[in-house]
Amino acid sequence: MDSSPHKETLATRLELVSDSAKLIASAESAAAAVGLAAADRQRLLDNALETSRAVRDLANALSEPDDEEELYRVIAALWLQLRFEWQRHNDVMNYAAVVNSPLPAVAAEGCIGSALLEQLESLLLPEHLAAMSGYAIDLLKVIGRGQCESIDTPPLALVS
Amino acid sequence: MREHRHAAPGARLMSAYTRLRAAAASGQLRADILATMDGLDLPEPVRARIEAYCERRTAGLMNLSETIKSPDEDDFYRSLAALWLELRFEWQRHNLVSNYIAVRTGGCDLGSFVLAAASSGVLRFIEEHLDPTDREIMDEFAAELIGGTHHTLRARLDSVPNDHVE
């Protein structure tokens, strides 16, 4: 990773991602798009604020230059966590659609998740994103009662 | 291990499905999590964060268990496993933030500390419905991802006993 003193640190860039104004704007937009009731809208905004706070806490806790390698890995894990969450929302929405019982609050959560994932992806190398996605998918194939397929993925070196 | 997992898969999944639905509807998960914080003099803003967290996780479990109507299907078990991984990463992150702040400042970031405890509570609630070997594999994956141990997933899967893998 580039350690030029004039380049923004990873922690600084993560702090920008945690910008609550942007997340709140995403939440408001998502709430309006799916027509959330007032209580659900407020819950969505509160969740967005909490997420913003958690990301900011991470950036502040691992803000030293020596922390950057570990911070990168934790950001990778955060991305994977949010990716799983997004998939869960997607699965729930798909099932709800099949039984004609839509869940707009879940759809709105999915929109915010997508927005945050996109921002976190800007902090991670594309090959690492691809490797993590592949690992996670293959892991769940083994965990579930599906087939164990041949896996052909590169080593996961999170910091080059 | 395969024998253990498939001894009564339908009954186990039905048990998980039923219990999760009941817990989501009754508030049991919230009660379990708050019970772990008995004795902590939590400031109101921190308590509010935990209450919001409990509500969010309960709603998530309710949605999962109510929309997936067929608990015998593989999808439910995999969804549960994926949720466990999601929580594992969350717990690890809160724990790490809490530890870093403790080392840096000598103080305790109560928010991260209790959120780590809360996510741990949900993890415990779910993991009793997962095969122990599956949990071990997922636990290693999560720990190694953050711990930075370089490996290939193929190498780890190669080490899994053949009777575990279909």
**Item:** Rounded FRET efficiency, nearest 0.05, which uses the C-beta distance separating B:GLU51 from A:ALA38 and R0 of 22 Å
**Value:** 0.70
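Sorted by packing (mean other beta-carbon atoms within 10 Å per residue), highest first, where do A:76-89, B:47-60 land? Show your work: numbers first, answer last.
Numbers: A:76-89: 22.0, B:47-60: 17.9.
Highest to lowest by the protection proxy: A:76-89, B:47-60.
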**Over chain A: helical MRE at 222 nm, DSSP H runs n ≥ 4 each giving -39500 (n - 2.57), nearest 500** = -24500 deg cm²/dmol
**Asked** Once both labels are modelled 7 Å past Cα along the beta-carbon direction, what's the A:LEU117-B:ARG124 spacing in nm?
**Response** 3.1
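Please say if the range A:60-148 is rounded, prolate or oblate, where rounded means a/c under 1.5 for a ≥ b ≥ c the square roots of the C-alpha gyration tensor eigenvalues, and otherwise the choice is prolate for a/b larger than b/c and oblate otherwise? Spell out each step's value before the answer.
Working: a/c = 3.03, a/b = 1.52, b/c = 1.99.
It comes out oblate by the Cα gyration axes.
What is the mean number of Cβ atoms from other protein chains located within 10 Å of the Cβ atom of each residue in peptide B:96-108, rounded to a whole number?
Numbers: counts 8, 8, 2, 1, 11, 4, 1, 1, 6, 1, 0, 0, 0.
Going residue by residue through B:96-108 and averaging, the value is 3.
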**Asked** Rg and Dmax of the range A:1-79, Cα atoms, in Å?
**Response** 15.4, 48
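How large, in percent, is the carbon and sulfur part of the accessible surface of chain A at a probe radius of 1.4 Å?
Numbers: 3960 of 7480 Å².
That share works out to 53 percent.
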**Asked** Put a dot 7 Å past each Cα toward the Cβ at A:GLU8 and B:ALA22; how far apart are the dots in nm?
**Response** 5.1
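Roughly how crowded by other chains is peptide B:77-90, in terms of the mean Cβ count from those chains within 10 Å of each of its Cβ atoms? Intermediate values should be presented prior to the final figure.
Values: counts 4, 7, 8, 2, 6, 11, 4, 2, 9, 9, 3, 4, 11, 7.
If you average over the peptide's residues, the count of other-chain Cβ atoms is 6.
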**Asked** Between A:ALA21 and B:ARG104, what FRET efficiency follows from the Cβ-Cβ distance if R0 is 22 Å, with the result rounded to 0.05?
**Response** 0.20
**Asked** For chain A, what is the relative contact order in percent, using Cα pairs closer than 8 Å and at least 6 residues apart in sequence?
**Response** 29
**Item:** Shape call, chain A: gyration tensor on alpha carbons, a/c limit 1.5
**Value:** oblate
**Request:** Mind checking B:138-146 for the average number of partner chain beta-carbons within 10 Å of each residue's beta-carbon?
**Result:** 4
**Item:** Paramagnetic reach from B:GLU144 in the range A:57-86 [backbone N under 18 Å; point 7 Å along Cα→Cβ]
**Value:** A:73-74, A:76-78, A:80-81
**Asked** What order, most packed first, do the peptides B:79-92, A:109-122 have when packing is the mean number of other Cβ atoms within 10 Å of each residue?
**Response** B:79-92, A:109-122
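The values are calculated or read from the model by the stated rules, or taken from the named source; none is laboratory data. All of these numbers come straight from a predicted model, not from anything done at the bench. With ideal geometry, Cβ positions are generated from the backbone for all residues, glycine too; neighbour counts draw on all protein chains shown. Ligands, DNA and RNA are stripped out before the accessible areas are found, and what is left, the full protein with its side chains, is counted by its heavy atoms. Shrake-Rupley method; radii C 1.70, N 1.55, O 1.52, S 1.80 Å.
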